[in-house]
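Below you'll find the structure, written out as structure tokens, and then a few comments.
What follows is calculated from the coordinates using simple rules that are stated; it is not laboratory data. Nothing here was measured: the structure is a model prediction, and the numbers come from that model. Glycine gets a Cβ as well: all are built from the backbone with ideal geometry, and neighbour counts include every protein chain shown.
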Amino acid sequence: MLATLQSSLSSISNELNNALTPILLDAEILESLPELKEHLKITERIGSSVRIARSILRPFLLSVDHLSPRTEQLDPHKLILGYAEEIKKQHPKGIRYEFQIADHLHGVLEADSALIHTMLDHMVQNAIEAMAEGGVLLIRARSTIVESDTEAYDSLQLKPGTYLHITIADEGHGIENENRERIFEPFYTEKNDTHRGLGLTETLTIVRNYDGAIKHGPRSGGGTEFEVYLPLKLQGKAEVMEETTKISPSSKKTILFVDDEENIKRSVEILLGNRGYKVIFASNGAEGLAVFKQYQAEIGLVITDVVMPVMDGKTLVESIRAMSPSTKIIFCTGIEMKHPSRK
């Protein structure tokens, strides 16, 4: 029953996201028109509302097995320090930050930096809201070795290896025992009606997508402590990539856009056309592959959806990679614009 419900929610979320995407794209087109500058606040409000709606859908989109998030080679120490510097600029009333970040976090984190930031944001915001009267918010990061005889191996069912171990702890009122099993449920919240109850749901989904684990419990002295384990790879050198691939002018100004949603294609044609690009469209992976073979010499970038009839985006990308390994490709999913996996 639960699996059926999750599948239904994922399908509905995907359809709603497809309906919202052209609205967001059209709002961006309107914002760029000089004659509508006086109405800029209206279009900005449209865009903002759509982004909020998509953020509500994101946990369900991430939970679909075939929509796995993109992967970057991240330096965990640089990532956590960068996040710490960002939140230092925020000054929630009565909250004092305490950082315990190890000097050396050994290994490479294969994850999406944007999603890791989202995960941290949710846990930090949850901790802040738990301390209505103020207190200390602890953020700790270290590398931990999990072996077959360690507690994390047994209780969290982690594989042996090295992990980025992040702790977020607050001095709030804590979580009632009867509610501890429910805090990751979609839409569950102990707070007021203005909260959607999706932050920790999305946090859990992100952690699991990267083969990690999360646990929570009472903090010594009062409050709640969340611990996240994300696997680190010891070989290789971390190379932080940009969060998204930016479309920039090049000698090849033709883009192949593959998607089965007509409204999205119409919006993309206007948006990219206004920036001087020629866009060739295909409605599924098989059609996209045929178009790529015909116009390979002209195409500088391929943008493709993941879930499509006849041939999906993953199969299309594998086929194009076999023909032209250097071709730039962007997966465009309900989650965000992202790189396909790089090997």
In this structure, among LYS88/LYS233; LYS278/LYS328; LYS253/LYS314, pairs with alpha-carbon gaps over 20 Å are LYS88/LYS233; LYS253/LYS314
Most exposed first, judged by fewest Cβ atoms within 10 angstrom, PHE331, PHE292, PHE281 run PHE281, PHE292, PHE331
So THR144 and ALA132, fully extended at 0.36 nm per residue minus their Cα-Cα distance, gain in nm 1.1 nm
FRET efficiency for ASP121 and ARG96 from the Cβ-Cβ distance with R0 = 30 Å, rounded to 0.05, comes out at 0.95
Cα pairs beyond 17 Å in the stretch 254-338, in percent, come to 40
Pseudo-spin-label distance ARG208 to THR254, built 7 Å along Cα→Cβ, given in nm, is 4.4
